[in-house]
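The structure appears right after this line, and notes come after that.
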Amino acid sequence: MENPTQIAVLVITLGFALGLAFGAVAHKTNFCAMGAVSDLVNMGHWNRMRMWLLAIAVAVLGAGALAASGKVDLTRSFYTGERLTWLSHIVGGLLFGAGMTLASGCGSRNLVRLGGGNLKSFIVVLVLAATAYMTMKGALAPVRVYALDSVAVNLSAGQDLPRLLAAGLGSDPAIMRWLLPALIAGALAAFVFAGRDFRSDADAWLGGMVVGATIVGGWYVSGHLGHVLEHPETLEEVYLATNSRRPESLTYVGPVAYTLELGLLWTDASLRPTFGIATVLGTFAGSFLYAIISGNFRWEGFGSTADLRNHIVGGLLMGFGGVTAVGCTIGQGISGFSTLAIGSVLTFAAIVAGSAATMKFLYWRMLREPAPG
């Protein structure tokens, strides 16, 4: 039997490597979910949205292949459970979308910007981490649990579309595990590459492909390499070095909170580095290294009190909204989406809607402000 400690170290090391790749490529290609919504809403430009959709297509196809081949059991992830907390997904997604607009980007984007020297993102990440922790385990947890998570429906077949459709049609779930991801990924890819501007944008191709591939890599690392059927001490099946004790891929709300917790309570023997923490640190390091190598590292701070206020409020909304929705633009918008879970699709739509509505509101408010002088 392999040594669980060695396996855990491998999972954490590869998690850092995946984060490193994500951070460097996201920095180079300007991969940004908020930017994708902004480009579309304000200018009608689809390239960055197509890049996000390409990442989803790659992740859906890759995760589907891992599930169909039996390498990873995606039904064990926290995205695909029987309990669909639909109100939490919608409200949390709307709040997260509003927050990422005020904070000039989502959690992952702010980690990338921080790696490039943006001190505004440092404040956002700290506020997001503290609020997320409070929403998971602190003063805000009762609001989430009793006001939002209590509103749910139970789906006996699980909430991922392959199992739901198989149960509804009376077909073999094994067929749906490869057929449905292939069809959905193919439809997304067809839409993405229908854009002439996108087809000629090498950075957009690179961003979508690599980000999607890191999600697939995350599932393989935590769900296959980190999977132990019988732990030598407990004799139980376990997924090593993940915060949820389940297979995980990249996400940037809970892991940012756990990173802060580990930093604050480093001498607490019950706390350990995890796959999620490693991806957070790797994302920052990847962005930082790319910024230094490319020569575009620049210190940047707040230009006004209003700017500071918006970023703090944005961090607060993302921390609460991300935990409530069980993920962010990456965690639900790509990792969760790759499992084809209904909650992930709801969250994705709510994040986009919340961000777009906030942009429209900010533009309307700007028009109403009196001209200076």
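The values are calculated or read from the model by the stated rules, or taken from the named source; none is laboratory data. Here the structure is a predicted model, which is why all the values come from computation and not from measurement. Glycine gets a Cβ as well: all are built from the backbone with ideal geometry, and neighbour counts include every protein chain shown.
Structure data summary
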read-out: Total residues in segment 196-247, condition assigned to a helix (DSSP H, G or I), in contact (Cβ under 8 Å) with a residue 12 or more places away in the chain and out of contact with any helix residue (DSSP H, G or I) (no Cβ under 9 Å at 6 or more places or on another chain); value: 0
read-out: Any hit, segment 287-308, residues being touching a Ser or Thr at 6+ places or on another chain (Cβ under 8 Å), touching a residue at least 40 places away in the same chain (Cβ under 8 Å) and buried (at least 16 other Cβ atoms within 10 Å of the Cβ); value: no
read-out: Single match in A157, A174 (criterion: part of a loop (DSSP other than H, G, I, E, B), at pLDDT below 95 and within 30 Å of L240 (Cβ to Cβ)); value: A157
read-out: Cross-chain or 6+ apart pairs with Cβ under 8 Å, segment 64-86 first and part of a helix (DSSP H, G or I), then among the basic types (K, R); value: G64/R177; A67/R177; A68/R177; T75/R163; R76/R246
read-out: Residue in segment 123-139 that is at pLDDT 95 or above, outside any helix (DSSP H, G or I) and more than 20 Å from the chain's Cα centre (by Cα) present; value: yes
read-out: Criterion: in contact with a strand residue (DSSP E or B) (Cβ under 7 Å, 6 or more places away or on another chain) and within 18 Å of G331 (Cα to Cα) - qualifying residue of L111, L84; value: L84
read-out: Residues being in contact with a helix residue (DSSP H, G or I) (Cβ under 8 Å, 6 or more places away or on another chain) and either without any contact (Cβ under 8 Å) to a residue 24 or more places away in the chain or not polar (S, T, N, Q) (or both) - total across segment 257-271; value: 6
read-out: Condition met for F275 (among the aromatic types (F, W, Y) and surrounded by 24 or more Cβ atoms within 10 Å (Cβ to Cβ)); value: yes
read-out: Residue in segment 320-335 that is over 27 Å from L61 (Cβ atoms), of a type in the set (F, W, Y), in a helix (DSSP H, G or I) and touching a residue at least 12 places away in the same chain (Cβ under 8 Å) present; value: yes
read-out: Test: residue in segment 66-78 that is surrounded by 24 or more Cβ atoms within 10 Å (Cβ to Cβ), among the polar types (S, T, N, Q), at pLDDT 95 or above and in contact with a Gly (Cβ under 9 Å, 6 or more places away or on another chain); value: yes
read-out: Output for segment 106-122, where each listed residue is over 16 Å from the mean Cα position of the chain (by Cα) and outside any helix (DSSP H, G or I); value: G116, G117, N118
read-out: Set L250, L260, L316: member being modelled with pLDDT of 95 or more and assigned to a loop (DSSP other than H, G, I, E, B); value: L250
